[in-house]
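Beneath this line is the structure, given in structure tokens, with notes to follow.
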Amino acid sequence: LSLLCYDYHVTANSLVYLIVEITVLDTSALEYGNNMPHADAAFVPSGISKTEFWAHVHSQLASLLEGQRNWVTNLANASSLIYSSLLACEAHFGAGNRAVNWCVEPAPSQSSRLLLGPFCGKPACQLINVAPGKARGVCADAYLQRKTLLVPDVDAYPGHIACDGETKSEIVCPLILRHDGEETAIGVLDLDCLALSGFSEEDRAGLERIALLVVDACDW
């Protein structure tokens, strides 16, 4: 049985902490009629390669996010879809002690901290410092450096923040907002794994495409 846990972190001036399900009253959603997302979006075909898996998740997520621009709504659905899809793909992401067990993501603010936002899975770290001189960990470093970090052994990473002591490896992809020739880091997409070297370059490429899709689909 795979155990996969997903969460998002957002940078903000006040804490937003949402678990598993979010309901937001928004009358603009009425414009979209009955074209609502559906649980079958998390179905993963058998016998596909890891590259095909990420292409499939990207396609399903693009359909889920169509017609919606609210970042809370979209991050909640993105978290659920990634969580459920990885759970359904044991061939590439493992079961038992090879399971993926976490994910994290920050969004725009002038604050020097990352705060927890929409996610699926175990309770997660609520706050991560990104201020100079602080012990920051992988998520904050990817956020500040604006590049994907692939960490085969988290215990060997300087300043690693252990939200789950069972995590052995990690991949963190920044969310980059591009506007008028400028680039601003607004968050990170983070996956943790219970095994050493749990992620590959294929996962890097797949997550970076997912990150671009999520950023473009939301009003920040």
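The values are calculated or read from the model by the stated rules, or taken from the named source; none is laboratory data. Keep in mind that this is a model prediction, so the values were computed, not measured. Positions of Cβ are backbone-derived with ideal geometry, glycine not excepted, and every protein chain shown enters the neighbour counts.
For segment 54-61, state whether one or more residues are hydrophobic (A, V, I, L, M, F, W, C), modelled with pLDDT of 85 or more, part of a loop (DSSP other than H, G, I, E, B) and crowded, with 20+ Cβ neighbours inside 10 Å.
No, that holds for no residue.
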message: I need every pair where a residue in segment 153-179 that is within 14 Å of residue 139 (Cα to Cα) has its Cβ under 6 Å from the Cβ of a residue that is in a loop (DSSP other than H, G, I, E, B) and among the polar types (S, T, N, Q), sequence separation at least 6 or different chains.
response: 154/167; 169/197; 173/148
- prompt: In segment 132-174, which residues are at pLDDT 90 or above, touching a Leu at 6+ places or on another chain (Cβ under 9 Å) and outside any helix (DSSP H, G or I)?
  reply: 148, 152, 153, 157, 168, 169, 170, 171, 172, 173, 174
task: Specify the residue that is modelled with the lowest pLDDT; the eligible residues are those in segment 88-101 that are closer than 22 Å to residue 208 by Cβ and crowded, with 21+ Cβ neighbours inside 10 Å.
output: 101
statement: Here the qualifying pairs (Cβ atoms under 6 Å; residues six or more apart or on different chains; first in segment 45-57 and free of Cβ contacts under 8 Å to residues at least 40 places away in the same chain; second in a helix (DSSP H, G or I) and surrounded by 15 or more Cβ atoms within 10 Å (Cβ to Cβ)) come out as none
task: Could you check, for segment 190-204, whether at least one of its residues is outside any helix (DSSP H, G or I) and of a type in the set (S, T, N, Q)?
output: yes
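Is it the case that residue 147 is touching a residue at least 12 places away in the same chain (Cβ under 8 Å), crowded, with 19+ Cβ neighbours inside 10 Å and among the basic types (Lys, Arg)? Step through it out loud before you land on a result.
Numbers: touching a residue at least 12 places away in the same chain (Cβ under 8 Å): yes; crowded, with 19+ Cβ neighbours inside 10 Å: no; among the basic types (Lys, Arg): yes.
No, not satisfied.
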message: For segment 167-182, give me the residue count where each residue is surrounded by fewer than 17 Cβ atoms within 10 Å (Cβ to Cβ) and farther than 17 Å from residue 209 by Cβ.
response: 4
message: Let me spell it out: the conditions are (1) modelled with pLDDT of 70 or more; (2) touching a Ser or Thr at 6+ places or on another chain (Cβ under 9 Å); (3) assigned to a helix (DSSP H, G or I), and residue 44 meets all of them except one. Which number is the exception?
response: (3)
